[in-house]
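Here the structure is laid out as structure tokens; the discussion comes afterwards.
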Amino acid sequence: MVRISVLLLVFSLFGCGSNSDKSKENEGENVTTVKLTDEELLATVQKQTFKYFWDYAEPNSGLARERYHPDGVYPENDANIVTTGGSGFGLMALVSGMSQGYITKEQGVERLNKIADFLGKADRFHGAWSHWIDGNTGKVKPFGTKDNGGDLVETSFLVAGMITVREYLKDGSESEKAVAQKYDALWKGVDWQWYTNNKNVLYWHWSPSYAWQMNFPLEGYNECLITYVLAASSPTHSIDAKAYHEGWARSGGIVSSKTKYNIPLVLKHNGAEEYGGPLFWAHYSYVGLDPNQLTDKYANYWDLNVNQTKINYEYCVENPGKVKGYGPDYWGLTASYSRNPDGSIGYNAHMPSNDQQVISPTAAISSIVYTPKESMAVIRNLYDNHKDLTWGEAGFYDALSLGNNNWVAKRYLAIDQGPEVVMIENYRTGLLWKLFMNAPEVKQGLVKLGFKSGKYGIQ
């Protein structure tokens, strides 16, 4: 805002009263705005959202801030807190940015090297990083009283990004190969086996102070599938396949026979078996894990994600709560900032069974790979009709309640902006899917768990 004010002052000092300027103003009144094509609009959204991970990254570490508030007002002075999972999406976003030419490869490699060095010195707990890290010191920032140690799920999102970076750089210049090797060593240091606690299931948390007291076994279905895939893929600390089948898949109990709007849910969504969970469940595990033609004995993962997205869409179109504005070009319920009853900003896991009349742009945008027509309708509506309210420095703001309140949370979260960049890239080029899925360890891990993918020759 300061820079804009200065520019306005300069123009007022040097341009007032000029006849040539007046004629230009009159000409401007007759200029019609050229409407962007779908491809141009999608490219615009991707490039603007990428800024979250480049222009607004935490400066010392280079990692993704947990949140970015354009107004500079943060709770508990945590502007320098970085998020492990969001930084994993950010690593993929950096690869996308280099590929699209938003930054040079040299710039990207320099940032990636900085990030690798920071993560190599940051607190780790049997190889896993914490949910939040102090970007200044590398020390754990507790996510909760007992959540002050390793977070295996957030670590898995980070590791998916690390493997993607390694694959992108491994055949490059000597400096690129050196960075690739750093990420290779980092991910191989995660002790996935430790996080089974000697049982046939993975646990989300371990703390040096509270050990296993968080007691959160990863049992499906939610956003955690990638954690099992990576734990099975590890060449250093691999888990037994029984942990996946008996723990995550609940010995087959994960399968659902339910439908909504005549659309099969495929798997039982934890706590949301009627409509499915928040849409980030169709995004976080699948930024690198390509669901196209991906199957195991429990699900076809393309059908699973397309169906969840379509149910979310159909709910908003049906609009049982009569929320003003809900419809084919204004839909998408997922976890994000939210509107509290008093109009203040909070946080909530929005989904059809927990509808707070708040739409999260990341829900539809990150679903572009599943529902391109329906997702583009939301993007175009927000950009063409509500840009002044919804569009900012790093893309669309995090949460909207336009119909009833004209309310917007003019803030950003890494875990929401990241999937937007990555899934748009996968929709446009498939790059990040190709890199991750063709990693040799990932292929071996998928085979170990019984997955098949005709697209990548996994049998």
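The values are calculated or read from the model by the stated rules, or taken from the named source; none is laboratory data. Model, not experiment: these values are computed from the prediction. Cβ placement follows ideal geometry from the backbone for every residue including glycine, while neighbour counts extend to all protein chains displayed. Protein only, heavy atoms only, side chains kept; ligands, DNA and RNA dropped before computing areas. Shrake-Rupley method; radii C 1.70, N 1.55, O 1.52, S 1.80 Å.
Looking only at region 255-266, decide whether some residue is outside any helix (DSSP H, G or I), touching a residue at least 12 places away in the same chain (Cβ under 8 Å), touching a helix residue (DSSP H, G or I) at 6+ places or on another chain (Cβ under 8 Å) and under 21 Å from Leu202 (Cβ atoms).
Checking region 255-266: not a single residue is outside any helix (DSSP H, G or I), touching a residue at least 12 places away in the same chain (Cβ under 8 Å), touching a helix residue (DSSP H, G or I) at 6+ places or on another chain (Cβ under 8 Å) and under 21 Å from Leu202 (Cβ atoms).
Mind checking which residues of region 218-242 are surrounded by 17 or more Cβ atoms within 10 Å (Cβ to Cβ) and outside any loop (DSSP other than H, G, I, E, B)?
Leu225, Ile226, Thr227, Tyr228, Val229, Leu230, Ala231, Ala232, Ser233
Name the residues in region 375-388 that are touching a Phe, Trp or Tyr at 6+ places or on another chain (Cβ under 8 Å) and either surrounded by fewer than 21 Cβ atoms within 10 Å (Cβ to Cβ) or among the charged types (D, E, K, R) (or both), would you?
Asn381, Tyr383
Taking strands (runs of 3 or more DSSP E) that do not extend beyond region 331-438, which have at least 3 residues that are of a type in the set (D, E, K, R) and touching a helix residue (DSSP H, G or I) at 6+ places or on another chain (Cβ under 8 Å)?
none
Report whether or not Ala180 is closer than 17 Å to Gly288 by Cβ and in contact with a Lys or Arg (Cβ under 9 Å, 6 or more places away or on another chain).
So Ala180 fits the description; yes.
Say whether the condition of being open to solvent by 40 Å² or more (accessible area, probe 1.4 Å) and within 22 Å of the chain's Cα centre (by Cα) is met by at least one residue in region 328-335.
yes
Identify, by number, the condition in (1) surrounded by fewer than 24 Cβ atoms within 10 Å (Cβ to Cβ); (2) out of contact with any Asp or Glu (no Cβ under 7 Å at 6 or more places or on another chain) that Leu400 doesn't meet.
Result: Leu400 passes all but (1).
Residue check: is Asn136 over 22 Å from the mean Cα position of the chain (by Cα), more than 27 Å from Val45 (Cβ to Cβ) and modelled with pLDDT under 95?
no
For region 253-265, which residues satisfy the criterion of being farther than 21 Å from Asn197 by Cβ and open to solvent by less than 30 Å² (accessible area, probe 1.4 Å)?
Ser256, Ile263, Leu265
Looking at region 352-374, which of its residues are open to solvent by less than 20 Å² (accessible area, probe 1.4 Å) and either without any contact (Cβ under 8 Å) to a residue 40 or more places away in the chain or not hydroxyl-bearing (Ser, Thr, Tyr) (or both)?
Pro352, Val358, Ile359, Pro361, Ala363, Ala364, Ile365, Ile368, Val369
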